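Engineer: Please see the structure below; I have some questions.
The values are calculated or read from the model by the stated rules, or taken from the named source; none is laboratory data. On a predicted model such as this, the values are computed, not experimentally measured, just so you know. Here the Cβ positions follow ideal geometry from the backbone for every residue, glycine too, while neighbour counts run over all protein chains shown. Just so you know, the surface numbers come from the protein's heavy atoms only, side chains and all, with ligands and any DNA or RNA stripped out. Shrake-Rupley method; radii C 1.70, N 1.55, O 1.52, S 1.80 Å.
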Amino acid sequence: MKTSIPPPDAYQDMREALRDLCGRFDSAYWQKVDAERGYPEAFVEALTQAGWLAAMVPADYGGSGLGLAEASVVMEEINFSGGNAGACHGQMYNMGTLLRHGSSAQKQRYLPGIAAGKLRPRSRCVNHETNEVFFDNLEVPVENLIGDEGMGFRYILDGLNAERTLIAAECIGDACWFVDKARRYASERVVFDRPIGKNQGVQFPIASAYIETEAANLMRFKACALFDAGKPCGGETNMAKYLAGKASWEAANVCPQTHGGFGFAHEYDVERKFRETRLYQVAPISTDLIYSYVAEHLLGLPRSF
Ligand SMILES: Cc1cc2nc3c(=O)[nH]c(=O)nc-3n(C[C@H](O)[C@H](O)[C@H](O)COP(=O)(O)OP(=O)(O)OC[C@H]3O[C@@H](n4cnc5c(N)ncnc54)[C@H](O)[C@@H]3O)c2cc1C
């Protein structure tokens, strides 16, 4: 099929390189990880060795010194390839607080190890495991203090903007995967002597999902541009996550519908990706709490909780 989903953009060279790498981990690989409730060790290692997960670490510390926009393209391409970036997005942004507020000694101590993948947070998104953690009378040595005392929560909020935007990009990757999968199947599957995609009842929902995805993509890149320029971006990152999550969920529903019974056959990957993208309605922030943020902080309405 000639049409390109997603359409070419300014990051095409990066996308080609990522497609090359991600293409080495096919659907059988991700099916096995999913069936075993495992961690995609070989995939994350390959991505780390190729330097992609150190995109946001400055070159002086062994990274590539790229922005959030490029980092988000990495996440998007993983999900577009049929993989699950939830396994490794923490590695992409977790060093943000250290980067912005750490001393040079702290950066020198940790960032090269993070860039090389030796200090790797193993994300839990693959196993969908959530635990409550308690800290009681924990003393932190003063040399481990990052930035100013008492500012920790504020620093973490910066990191959450990066996380939300990266996850918006993962949603875009998922949405493009679902739209591409659906349009291909709709063109190939013949019922009553015509491809099912010839019917408006089949093609319009796919077109609708694609429109939503493209609109969400604009807000995702707006959020990236503000973040990379060091400007306030809380509203845009939340709205990007909301729109992209909505688009991926719409596309996720269209895809099995288009596939009929085969949408539930595990070898088609549709039901696996459906489950994976559903998470984004809840984590890292639920849709309800985005409404709440927008109502209070962008519209000036009284806080609802
Ligand atoms: C796989 C996975 C990975 C995760 N990873 C991380 C992580 O790395 N770091 C981290 O900090 N957290 C993580 N989370 C937690 C995640 O951010 C929370 O699950 C999410 O923010 C929802 O919070 P909760 O689970 O406490 O739900 P609750 O707060 O109990 O909410 C339950 C429901 O009630 C709704 N609700 C709650 N309050 C309101 C309100 N005031 N108005 C309207 N609706 C409301 C919610 O939207 C939701 O639908 C992860 C969760 C999952 C499932």
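Engineer: List, please: which pairs have Cβ atoms under 9 Å, are six or more places apart or on different chains, and start with a residue in the stretch 190-201 that is open to solvent by less than 100 Å² (accessible area, probe 1.4 Å) and end with one that is hydroxyl-bearing (Ser, Thr, Tyr)?
Structural biologist: Listed by first residue and then by second, the contacts come to 195/187; 196/185; 196/187; 196/258; 197/185; 197/187; 197/258.
Engineer: Continuing with the same structure: I'd like to check something: does the stretch 165-179 contain any residue that is part of a helix (DSSP H, G or I) and surrounded by fewer than 17 Cβ atoms within 10 Å (Cβ to Cβ)? Before the answer, list the steps.
Structural biologist: Within the stretch 165-179, the first condition is being part of a helix (DSSP H, G or I), and the residues that meet it are 165-179.
Okay, now just the ones that are also surrounded by fewer than 17 Cβ atoms within 10 Å (Cβ to Cβ), so none.
Within the stretch 165-179 (the criterion being part of a helix (DSSP H, G or I) and surrounded by fewer than 17 Cβ atoms within 10 Å (Cβ to Cβ)), the answer is no, since none of the residues qualifies.
Engineer: Against the condition in a loop (DSSP other than H, G, I, E, B) and within 16 Å of the ligand (Cβ to nearest atom), how does residue 284 come out, does it pass? Walk me through how you get there before you give the answer.
Structural biologist: On the way: in a loop (DSSP other than H, G, I, E, B): yes; within 16 Å of the ligand (Cβ to nearest atom): yes.
When the stated conditions are applied, residue 284 passes them.
Engineer: Show the residue pairs that are 6+ apart or on different chains and have beta-carbon atoms under 9 Å apart, the first residue being within the stretch 285-298 and in the same structural domain as residue 232 (by TED's automatic domain parsing), the second being within 7 Å of the ligand (Cβ to nearest atom) and open to solvent by less than 80 Å² (accessible area, probe 1.4 Å).
Structural biologist: Note: pairs meeting the criteria are 293/285.
Engineer: Pull out all pairs, ordered by first then second residue, where Cβ-Cβ is under 6 Å, the residues are six or more apart or on different chains, the first lies in the stretch 226-237 and is within 13 Å of residue 69 (Cβ to Cβ) and of a type in the set (Ser, Thr, Tyr), and the second is open to solvent by less than 20 Å² (accessible area, probe 1.4 Å) and in a helix (DSSP H, G or I).
Structural biologist: Pairs found: 237/165; 237/223.
Engineer: Hey, another quick one. Check 59, 87 and return the single one that is without any contact (Cβ under 8 Å) to a residue 60 or more places away in the chain, of a type in the set (A, V, I, L, M, F, W, C) and buried (at least 21 other Cβ atoms within 10 Å of the Cβ). Give the steps one after another, and end with the answer.
Structural biologist: Working: 59 fails: buried (at least 21 other Cβ atoms within 10 Å of the Cβ).
Result of the check over 59, 87: 87.
Engineer: For the stretch 245-281, how many residues are within 16 Å of the ligand (Cβ to nearest atom) and either open to solvent by 60 Å² or more (accessible area, probe 1.4 Å) or not basic (Lys, Arg) (or both)? First the steps, then the outcome.
Structural biologist: As a first pass, look at the stretch 245-281 and keep what is within 16 Å of the ligand (Cβ to nearest atom): 245-246, 248-249, 272-281.
Filter once more, keeping what is either open to solvent by 60 Å² or more (accessible area, probe 1.4 Å) or not basic (Lys, Arg) (or both): 245-246, 248-249, 274-281.
Residues in the stretch 245-281 being within 16 Å of the ligand (Cβ to nearest atom) and either open to solvent by 60 Å² or more (accessible area, probe 1.4 Å) or not basic (Lys, Arg) (or both): 12 in total.
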